[in-house]
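So the structure is just underneath, and the comments pick up after that.
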Amino acid sequence: MPPRWPERPTSGIIKDAQVIFTARRFAMPRLKVIDPATSEGVVKELFEGPLKQRQINIYKGLANSPAALQAYMGMAKALGTAKLGKKEQEVIQLAIAEAQGCHYCVAAHTDVGRRCKLSDEQMLGARRGRIDDDPKLNAVVRFALSMHEKRGFVSDAEIAELRKHGYADAEIAEMVASYALMIYTSTFNHVNDTVVDFPQPPGI
């Protein structure tokens, strides 16, 4: 099982997951929220281009630094051309979002996962650390969580297990990249206390 979400209440001690999620929706972020309508330079180009239809709060926070936003955009764009399937990438994102305790990331990637045709049970399974109805996706989730728990020092047997399920070296490298992207976004959201602007995901 992945670690439970850490208790990071906005005030006092909040232990109930529903209360924590609700608090996150109405908390104030720590960094300035960049308004796409008044943004400038590279940030304006991004908000009027690839981000025009998806001006969500994490992007408005990252936009405090064109370099930070471009770092995210570059990696996300590159993974869009990956051999590793969208479903595989999303179960990694969900598993590590849960392990990191990132309320924003879990909500966001539940939304993305539905658009990638993951079932609700598969998304919950990724967050719990086990997908029962798809051995290949389950192998990916287990590997992602092992990377997280072992700080990348996985065993030869774990690599062999992925290969047994048909994943080539390119796809294994892309699993690491997908993991790294979630570490970046979840850490940013913790630092910023990014306000959640997605529907609440199911509890696990």
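The table that follows gives values for the structure above.
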quantity	calculated
For I204, residues with placed amide H under 5 Å, excluding near neighbours	none
Cβ-placed point charges (K, R +1; D, E -1), dipole of the chain about Cα centre in debye, nearest 20	240 debye
Value of [θ]222 nm, deg cm²/dmol, for the chain, DSSP H segments ≥ 4, -39500 (n - 2.57) each, nearest 500	-19000 deg cm²/dmol
For the chain: relative contact order, % (alpha-carbon pairs under 8 angstrom, 6 or more apart)	31 percent
Euclidean distance of C-alpha centroids, the stretch 31-61 and the stretch 92-123, integer Å	23 Å
Potential extension, A157-R130 segment - 0.36 nm per residue separation minus Cα distance	7.9 nm
Residues in the stretch 58-99 that a label on A170 would reach, taking backbone N under 19 Å of a point 7 Å out along Cα→Cβ	75-90
Paramagnetic reach from L79 in the stretch 167-186 [backbone N under 12 Å; point 7 Å along Cα→Cβ]	174-186
Distance between modelled label sites at Y184 and V112, nm, 7 Å Cα→Cβ extension	1.1 nm
Listed residue pairs exceeding 19 Å between alpha carbons, taken from K52/K77; K83/K117; K83/K150; K86/K136	K83/K150
Karplus 3J(HN,Hα) series, Hz, for the stretch 98-104 with 6.51 cos²θ - 1.76 cosθ + 1.60 (x for Gly, Pro)	5, 4, 7, x, 8, 4, 4
In Hz, Karplus ³J(HN,Hα) per residue of the stretch 39-51 (6.51, -1.76, 1.60; θ = phi - 60°; x = Gly, Pro)	5, 9, x, 4, 4, 4, 4, 5, 5, 8, x, x, 9
Hz values of 3J(HN,Hα) by residue in the stretch 112-128 - Karplus curve (6.51, -1.76, 1.60), Gly and Pro given as x	5, x, 4, 6, 8, 6, 6, 6, 4, 5, 5, 5, 5, x, 4, 5, 7
Gyration tensor (alpha-carbon) shape descriptor, the chain, a/c threshold 1.5	oblate
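A short reminder: the numbers here are calculations on the coordinates, not readings from a lab. Given the structure is predicted, the values throughout are model-derived calculations rather than measurements. FYI the Cβ positions are ideal-geometry reconstructions off the backbone, even for glycines, and counts take in every protein chain you see.
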